[in-house]
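Visitor: First the structure, which I've put down as structure tokens, then a few questions once you've had a look.
Any read-out appearing in this document is the output of simple, stated calculations on the displayed coordinates, not a laboratory observation. Please read these numbers as outputs of a predicted model, since none were measured by experiment. No Cβ is skipped: glycine too gets one built from the backbone with ideal geometry, and neighbour counts run over all protein chains shown.
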Amino acid sequence: MACFLVPTAEAIVTTIVKKSTKKEVATAEGAERHPFIKRLNWLNNMLWGGSALLAFEHIWHGEVVPWFPFFTNAASPVTAAEMLREMATSGVGMAVLATAVWIGMVTAANVAVKRSVPIAANGGK
């Protein structure tokens, strides 16, 4: 139905945040203060890619059409309510899961970088 719109909306917001903070994170001090914003492109790639695949799947199955109201389930109030419920459950769940995975990836990357710094400072010992 329209569950892919929720991750798409999150992708739009994170893209705007990334573009607005690009100059601040370009400095070394900014990158250290904002490790999550520095790696925001990972989240953007996950959200845009997943949303594109879901949109293609919904188009393939005929749930999204090129004429108004664009979603086959938005034609009647009963099916529109079902579509909104799916967006609230499946769409929000997918967006939250993608964000949680991204937070785990950034945390793991930061831990790996912090562990590798002392090794590089000691000459690899």
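Visitor: Quick check: the angle from helix 77-86's long axis to the longest principal axis of the chain, C-alpha only, nearest 10 degrees?
Guide: Helix 77-86 sits at roughly 20 degrees to that axis.
Visitor: Please identify, among Ala80, Ala95, Ala112, the residue showing maximal mean-square fluctuation in a Gaussian network model of the chain using a 10 angstrom Cα cutoff.
Guide: Ala112
Visitor: Something else now. What does the charge count around Asn44 come to, taking other residues whose C-beta lies under 15 Å from its C-beta (Lys +1, Arg +1, Asp -1, Glu -1)?
Guide: Numbers: positive: Lys18, Lys19, Lys22, Lys38, Arg39; negative: Glu10.
Net of charged neighbours comes to +4.
Visitor: How much length, in nm to one decimal, is gained on full extension between Val13 and Ser116, taken as 0.36 nm per residue of separation minus their Cα-Cα distance?
Guide: Values: separation 103, 0.36 × 103 = 37.08 nm, distance 3.28 nm.
Full-extension gain reported as 33.8 nm.
Visitor: Treating the angle as unsigned and between 0 and 90°, give the value, to the nearest 10°, between the Cα long axis of helix 92-121 and the longest Cα principal axis of the chain.
Guide: It works out to around 10 degrees.
Visitor: Could you work out the helix-only [θ] at 222 nm for the chain, with each DSSP H run of four or more residues adding -39,500 (n - 2.57) and the total divided by the number of residues, to the nearest 500 deg cm²/dmol? Could the numbers behind the result be given before it?
Guide: Values: 7 runs with 91 residues, N = 125.
Estimated from H runs of four or more residues: -23000 deg cm²/dmol.
Visitor: Roughly what angle does helix 40-60 make with the longest principal axis of the chain, taking Cα atoms, 0 to 90 degrees, to the nearest 10?
Guide: Once rounded, one gets 20 degrees.
Visitor: Rounded, prolate or oblate: which fits the range 18-112, taking a ≥ b ≥ c as square roots of the Cα gyration tensor eigenvalues, rounded meaning a/c under 1.5, else prolate when a/b beats b/c?
Guide: It is prolate, given that a/c is not under 1.5 and a/b is the larger ratio.
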